[in-house]
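These notes concern the structure reproduced below.
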Amino acid sequence: MSVELHYLLLTTILATLSWIPYVVGFMLFNTPDAIKASFVEPPDIRSFPAWIQRCYRSHQNLIEQFAPFAAAVICAHLLDVSTGITRVAAVAYFYLRLAHVLVMIAGFSRFPLRSMIFHAAWICILLIVWQVFANTGTV
């Protein structure tokens, strides 16, 4: 397995597990009737403690950025593009996204740190896409 696919798999695991803190918080701060009602109408996230809101937003943010990362890595793999840049970008992306989850849930979401981590991960995606284009002669 390539480095890029390995870190895509690790990011998949992170995305798969990152909803758990939100669900645990949701279950802790709701009555059985409210939980049952949430299947009919989603609960207002603003009614929960701040840490549960941050867990929810952290997961949503990861899912939003995961699709472009996955597409870039899969395209690189299918086109047999694996360079030093794509490998470093894939590794960095995973650790940046892990840091983003931790920073967000810990409550540092008001610092510019969260935005800086998000944008650094975004740049990793762009680097992989650039390498795909550069190494397939399409640019």
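May I ask you to rank Tyr95, Tyr7 by accessible area, largest first, using a 1.4 Å probe over the protein chains only? It would help to have the intermediate numbers written out before the result.
Numbers: Tyr95 120, Tyr7 35 Å².
Listed by decreasing accessible area, they come as Tyr95, Tyr7.
Please calculate the 1.4 Å probe accessible area of Leu10, with all protein chains present, and give it to the nearest 10 Å².
Rounded to the nearest 10, the figure is 50 Å².
Can you give the charge dipole size of the chain about its Cα centre, rounded to the nearest 20 debye, using +1 on the beta carbon of Lys and Arg and -1 on the beta carbon of Asp and Glu?
On the way: 8 positive and 6 negative charges, 74 e Å.
That gives the chain a dipole magnitude of about 360 debye.
Quick one: if you stick a label point 7 Å off each Cα along the C-beta vector at Ala120 and Ile45, how many nm between them?
About 2.4 nm, to one decimal.
Which net charge results when you count Lys and Arg as +1 and Asp and Glu as -1 among the other residues whose beta-carbon is under 13 Å from that of Arg97? The partial results should precede the final answer.
On the way: positive: Arg114; negative: Glu64.
Computed value for this residue: 0.
Using Cα-Cα distances under 8 Å and only pairs 6 or more residues apart, what relative contact order does the chain have, in percent?
Numbers: 124 pairs, mean separation 46.1, N = 139.
Here the relative contact order equals 33 percent.
Using a 1.4 angstrom probe with every protein chain in place, what is the largest-first accessible-area order of Thr11, Thr138? Intermediate values should be presented prior to the final figure.
Details: Thr11 0, Thr138 90 Å².
Heavy-atom accessible area, descending, gives Thr138, Thr11.
Between 0 and 90 degrees, rounded to the nearest ten: what's the tilt of helix 112-136 against the longest Cα principal axis of the chain?
30 degrees
With a/c under 1.5 counting as rounded, go ahead and sort the stretch 52-97 into rounded, prolate or oblate using the C-alpha gyration tensor (a ≥ b ≥ c being the square roots of the eigenvalues; past the cut-off, prolate if a/b is larger than b/c, else oblate).
Values: a/c = 5.98, a/b = 2.16, b/c = 2.76.
Here the stretch 52-97 falls in the oblate category.
Could you tell me the distance between the Cα centroids of the stretch 9-27 and the stretch 55-96, to the nearest Å?
When both Cα centres are located, 17 Å separates them.
What would the Debye formula give as log10 I(q)/I(0) at q = 0.14, 0.22 Å⁻¹ for the alpha-carbon point model of the chain, no solvent?
Computed log10 I(q)/I(0) values: -0.69, -1.21.
Which semi-axis lengths, in whole Å and largest first, follow from the square roots of five times the eigenvalues of the Cα gyration tensor of the stretch 62-139? Display every interim value, and only then the final one.
Numbers: eigenvalues 143, 22, 18 Å².
Three semi-axes, in Å: 27, 10, 10.
Heavy atoms only, probe 1.4 Å: what % of the accessible area of the chain goes to carbon and sulfur, would you let me know? Spell out each step's value before the answer.
Working: 5810 of 8220 Å².
Roughly 71 percent, rounded to a whole number.
Students sometimes get this wrong: rank His100, His6, His59 by accessible area, probe 1.4 Å, all chains present, largest first. Please list the in-between numbers first.
Details: His100 0, His6 80, His59 35 Å².
Largest to smallest exposure gives the sequence His6, His59, His100.
Using a probe radius of 1.4 Å on heavy atoms only, what accessible surface per residue do you get for the chain? Whole Å² is fine. Please list the in-between numbers first.
Working: 8220 Å² over 139 residues.
Roughly 59 Å² per residue, with all protein chains present.
Among Gln65, Ile128, Met27, pick out the residue whose Cα is farthest towards the positive end of the charge dipole of the chain, where Lys and Arg carry +1 and Asp and Glu carry -1 on C-beta, about the Cα centre.
Met27
The values are calculated or read from the model by the stated rules, or taken from the named source; none is laboratory data. Everything quoted here is computed from the prediction, not taken from an experiment. Note that we place each Cβ from the backbone using ideal geometry, even for glycine, and neighbour counts take in every protein chain shown. The protein model used for the area step is the full one, side chains on, heavy atoms only, and it has no ligands, DNA or RNA in it. Shrake-Rupley method; radii C 1.70, N 1.55, O 1.52, S 1.80 Å.
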